[in-house]
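In what follows, a single structure is set out as structure tokens and then discussed.
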Amino acid sequence: MTQEEAKRFLDAFRDGRARTLVHEMMEQYYAEAVLENHPKSASLNRGEIHRQTRDLCTDIFGSVAQVTDDPQALYPLLSRLSRGHRPMAAFWFPEFNEAYENYKHRRKLEIKLEQLKPFLGTGSYADIGCGGGDLVGYLKENYGKFSSYTGIDVMDWRSESVREKIDFRMFNFAHPEGTLADTFDFATCMAVIHHVGRDEASRLRFLRNIRESLNPGGRLLVEEDVMLLPEEIAANSGYQQETGQLRKEQPLYGAYLDLGRQEQEHVLILIDLLANSLTVGVPDMDFPFGFLSIDEWIRLFRKAGYVHEKIKITGFVRGTFNRSSHVIYLLRRN
Ligand SMILES: C[S@@+](CC[C@H](N)C(=O)[O-])C[C@H]1O[C@@H](n2cnc3c(N)ncnc32)[C@H](O)[C@@H]1O
């Protein structure tokens, strides 16, 4: 994490409305997710899980509050509090860890497949920025319509359970050294582009390099965390309908939509760093926080040589641990 990234996160943390919303989201969604995903869910004491989750969030937010004036202290703090650290901080209570492991290898993937199924295609498949690689392994076993399954990432932190199951390439689409020999008919890129950079040039380079790895007519399915601005929603009846429905189902998403652009960006920054460095347990990722609004992403995709075919606003997806303002874009190589 660079000093710039740490400063940007701490700026977001000092934003009271953004911080309060993210704190509330974590308390509510983590408790719900533990109760839904624990292998012995029925035997859990609901009140006790809510209390332990509240304590967990109080510890995390209280610890970060101690370093708000000291960006250099942020990375060591997050590394120490991360679920990936050994020994693990005591506030990660056993039921949380048991539920999260079960979720990561099962429910998260079931939810993802339900969401992505209407968009998925056929032919050779790659997940770009595959992280743990679990999605590739899961699609291989449960979707089955692709002819090959490859995970690609700039870092190798694949889960043990998928190492033998999937093809993997270590490759940096932002600064390729050499070229990737393979090309693909269908690629996914889930929650990756905002980790690539904040400036348009680096995001364009990344997207154009992916385009070169797609066969003619190939498709790219992107999931991104987005800001939803009132003027963009007002100008598009599809957005109005989808956000209107989500407001009814997810009150905290409604609270997010009511924030201004900068506050929404702060919410995305807080969720991104806290979720990935602490809960997922990978503080060594790059965190340039390259977030855009729903229509700014479309303009970027067009500029990089894609046509957008479908968009779905999914919002704070129920059942998941780390909920953010998600939108799915189905793009075709132009
Ligand atoms: C937030 S994680 C998402 C992982 C996975 N797609 C998921 O949804 O769980 C972002 C991933 O993008 C990868 N990544 C970032 N920049 C990349 C690049 N230039 N080329 C390939 N992968 C990249 C990171 O290493 C990380 O594994």
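How do 122-135, 237-250 rank on mean C-beta neighbours within 10 Å, highest first?
Per-residue Cβ counts within 10 Å, averaged per peptide and sorted highest first, yield 122-135, 237-250.
Straight-line reach from residue 303: which lysines have a Cα under 22 Å away, not including same-chain ones fewer than 8 places off?
Filter leaves 312.
Arrange the peptides 50-59, 321-330 so that the one whose residues have, on average, the most other Cβ atoms within 10 Å appears first.
321-330, 50-59
Using the structure shown, select from 7/310; 117/140; 40/140; 112/165; 104/165 the pairs with a Cα to Cα distance greater than 24 angstrom.
Distance filter (> 24 Å) returns 7/310; 40/140.
Based on the alpha-carbon gyration tensor of the chain and its eigenvalue square roots a ≥ b ≥ c, which shape applies: rounded if a/c is under 1.5, prolate if not and a/b is larger than b/c, or oblate?
Because its axes are fairly even, with a/c under 1.5, the chain counts as rounded.
First select every other residue whose beta carbon is under 13 angstrom from the beta carbon of residue 63; then total the charges, Lys and Arg +1, Asp and Glu -1.
Here the charged neighbours net out to -2.
Sum -39500 (n - 2.57) across every DSSP H segment of at least 4 residues in the chain, then divide by the residue count to get the 222 nm mean residue ellipticity, nearest 500.
-14000 deg cm²/dmol
So if we plug the beta-carbon distance of residue 147 and residue 69 into 1/(1 + (r/R0)^6) with R0 = 56 Å, what FRET efficiency do we get, rounded to 0.05?
So, using R0 = 56 Å, E works out to roughly 0.55.
In what sequence do 43, 79 fall when counting other Cβ within 10 Å, fewest first?
Taking fewest neighbouring Cβ atoms as first place, the list is 43, 79.
Let me check I have the definition right: for region 179-219, take the eigenvalues of the Cα gyration tensor, multiply each by 5, take square roots. What are those semi-axes in whole Å, largest first?
After diagonalising the Cα gyration tensor, the semi-axes are 20, 11, 9 Å.
With a sphere of radius 14 Å drawn around the Cβ of residue 292, what net charge do the other residues whose Cβ falls strictly inside it have (Lys, Arg +1; Asp, Glu -1)?
-4
Treat the count of other C-beta atoms within 10 Å as a stand-in for reagent exposure and order 310, 108, 140 from fewest to most.
The most exposed by this proxy come first: 310, 140, 108.
If you average 1/r across every pair of different Cα atoms in region 134-181 and take the reciprocal, what Kirkwood value do you get, in Å?
This gives a value of 11.7 Å.
Give the aspartates and glutamates reachable from residue 145 as a straight Cα distance under 18 Å; neighbours fewer than 8 places away on the same chain don't count.
The qualifying aspartates and glutamates are 110, 114, 127, 134, 167, 185.
Grab the other residues whose beta carbon is less than 11 angstrom from that of residue 194, score K and R as +1, D and E as -1, and report the net.
Cβ neighbours under 11 Å give a net charge of -4.
Quick check on the exposure proxy: order 143, 75 from fewest to most C-beta atoms within 10 angstrom.
Listed from fewest to most nearby Cβ atoms, that is 143, 75.
So, with +1 on the Cβ of K and R and -1 on the Cβ of D and E, and no other charges, what is the size of the charge dipole of the chain about its Cα centre, to the nearest 20 debye?
720
Taken together, the values in this text are just the output of simple stated rules run on the coordinates, not laboratory data. Note that the structure is a prediction, hence the values are computed from the model and not measured. Because the Cβ atoms are built from the backbone with ideal geometry, glycine has one as well, and the counts that use them run over all protein chains shown.
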